[in-house]
Amino acid sequence: MVRVLYIMGSGRSGSTFLDAVLGNHPEIEGVGELGYHTRSGWGQALYCACGAPGNACTFWSDVRDEWTKRAGPDCVQEYATLQNMFERFRRWPRLFRERRKQSARFGAYANRTTTLFEAI
């Protein structure tokens with residue numbers, strides 16, 4: 001079972017620092033701003049904390065390979081679309097509706113998110 005701690009903060013609030021500190025524990029994997037990796041499909045030159053571009057980082061390459069093995073080859077591109085539907089702040093009211101009656105798209109989003117966390 002994967003346990004997730006979501007750290008949310010505004011700019012310059014210390015959330016990135018907290019992620020780095022917690023990520024140094026051997027049983028915790030700090031992933032920074034995960035949404036940037038998945039929304040870009042690992043295609044843009046976003047840099048990892050290791051100093052390598054996100055699409056060249058060994059850790060993120062392994063995560064992407066494991067994720068696509070578990071969720072299918074199109075999961076990266078599909079997930080970016082699903083993220084925009086459910087993770088944008090202005091779209092949060094949609095989550096309340098989904099709680100009452102879950103759509104197929106939300107089910108796909110939840111499934112892709114779970115497999116991504118498992119891959120990490």
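We did not get these values from a lab; they are worked out from the coordinates using the rules stated. Only a predicted model underlies this, so the values are computations on that prediction, with no experimental measurement involved. In this analysis, Cβ positions are derived from the backbone assuming ideal geometry, glycine residues included, and neighbour counts consider all displayed protein chains.
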Compute, for the chain, the length of the dipole vector about the Cα centre, with Cβ point charges of +1 (Lys, Arg) and -1 (Asp, Glu) only. Units Debye, rounded to 20. 860 debye
For region 60-120, what is the charge dipole size about the Cα centre, in debye to the nearest 20, if Lys and Arg each add +1 at the Cβ and Asp and Glu each add -1 at the Cβ? 620 debye
Candidates 62, 74, 19: whichever shows maximal mean-square fluctuation once the chain is modelled as a Gaussian network with Cα springs under 10 Å: 74
Tally Lys and Arg at +1 and Asp and Glu at -1 over the other residues with C-beta under 10 Å from the C-beta of residue 75: what net charge comes out? +2
Would you work out which of 8, 47, 73 lies farthest towards the positive end of the dipole of region 1-101? Charges go on Cβ: Lys and Arg +1, Asp and Glu -1. 8
Per residue and in cubic angstrom, what volume does the convex hull of the Cα atoms of region 1-118 have? 125 Å³
